[in-house]
1. Going by the structure shown, is Asn57 polar (S, T, N, Q), in contact (Cβ under 8 Å) with a residue 40 or more places away in the chain and near the ligand (Cβ under 9 Å from one of its atoms)?
2. Collect the residues in region 99-113 that are open to solvent by less than 70 Å² (accessible area, probe 1.4 Å) and either free of Cβ contacts under 8 Å to residues at least 12 places away in the same chain or of a type in the set (Val, Ile, Thr) (or both), keeping them in residue-number order.
3. Only one of these is free of Cβ contacts under 8 Å to residues at least 24 places away in the same chain, near the ligand (Cβ under 10 Å from one of its atoms) and not in a helix (DSSP H, G or I): Arg35, Arg66. Name it.
4. Applying the selection to region 15-28, what residues are part of a loop (DSSP other than H, G, I, E, B), within 16 Å of the ligand (Cβ to nearest atom) and free of Cβ contacts under 8 Å to residues at least 24 places away in the same chain?
5. Considering only residues of region 3-55 that are open to solvent by 20 Å² or more (accessible area, probe 1.4 Å) and touching a Phe, Trp or Tyr at 6+ places or on another chain (Cβ under 7 Å), which is farthest from Tyr115 (Cα to Cα)?
6. Within region 7-23, which residues are under 21 Å from Val69 (Cα atoms) and at pLDDT 95 or above?
7. If we scan region 69-91, do we find a residue that is modelled with pLDDT under 95 and either of a type in the set (A, V, I, L, M, F, W, C) or open to solvent by 60 Å² or more (accessible area, probe 1.4 Å) (or both)?
8. Considering only residues that are under 21 Å from Tyr115 (Cβ atoms) and part of a helix (DSSP H, G or I), which ones fall in region 71-101?
Amino acid sequence: MARLQERAFRPGLAYRLSTLIMLRSLPWVRFFVARRGGAISGCVIGDWHEGNSRIVNIAVDPVFRRQGVATALLAAIEFSLPEGDMILMVEADNPAAQALYDRCGYVQTGPARDYYGIGRDGIWMRKPRPGGVPKVRV
Ligand SMILES: CC(C)(COP(=O)(O)OP(=O)(O)OC[C@H]1O[C@@H](n2cnc3c(N)ncnc32)[C@H](O)[C@@H]1OP(=O)(O)O)[C@@H](O)C(=O)NCCC(=O)NCCS
């Protein structure tokens with residue numbers, strides 16, 4: 001998964017092995033890995049955070065993109081997390097991820113200035129789902 005992170009993200013955004021190991025040890029964090037022919041084609045990390053189910057990280061190997069891998073990973077992790085709305089943060093300068101989330105039912109709810117560094121804004125997105133009582137509105 002650490003190698004996939006390096007292949008999928010620009011330097012600085014990829015999760016390192018130590019971060020992945022730490023996240024994997026937390027009971028409220030969920031991991032899913034997609035495989036194709038023995039290779040890891042993608043991964044998604046989600047958690048339960050302040051009353052919301054949240055997508056923390058999703059990455060698909062460049063070789064396997066536009067084949068529905070991320071769509072399948074999103075569906076799997078959404079199913080595994082507590083009911084109620086899903087939330088996530090996406091970089092404003094990431095049209096591919098925004099298109100994916102839009103296609104999967106997420107709507108933009110507001111900006112997060114400089115979230116990814118100076119001049120690199122984020123956008124909060126939310127997917128309405130039945131059930132749950134969100135404590136944090138974004
Ligand atoms: C964003 C990412 C996870 C998408 O993975 P993927 O497996 O290629 O996505 P899917 O095949 O499930 O795409 C589903 C839909 O999302 C949209 N989409 C995905 N990638 C797109 C792109 N590059 N340009 C435009 N639309 C795109 C399309 O509507 C696509 O459906 P289509 O292929 O039938 O047109 C992948 O590009 C990636 O790993 N990017 C780098 C890491 C990253 O940015 N993660 C998100 C951080 S918030």
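The values are calculated or read from the model by the stated rules, or taken from the named source; none is laboratory data. Keep in mind that what you see is a predicted model, and the values were worked out from it rather than measured. Cβ coordinates were reconstructed from backbone atoms using ideal geometry, including for glycine residues, and neighbour counts include every protein chain displayed. Keep in mind that these areas ignore ligands, DNA and RNA; they rest on the heavy atoms of the full protein, side chains included. Shrake-Rupley method; radii C 1.70, N 1.55, O 1.52, S 1.80 Å.
1. Judged against the criteria, Asn57 is a match.
2. Hits for region 99-113 are Ala99, Thr109.
3. Testing whether each residue is free of Cβ contacts under 8 Å to residues at least 24 places away in the same chain, near the ligand (Cβ under 10 Å from one of its atoms) and not in a helix (DSSP H, G or I) leaves just Arg66.
4. Scanning region 15-28 gives a single hit, Arg16.
5. The qualifying residue farthest from Tyr115 (Cα to Cα) is Arg36.
6. Arg7, Ala8, Phe9, Ala14, Tyr15, Leu20
7. Yes - at least one qualifying residue is present in region 69-91.
8. Passing the criteria: Leu74, Pro95, Ala96, Ala97, Gln98, Ala99, Leu100, Tyr101.
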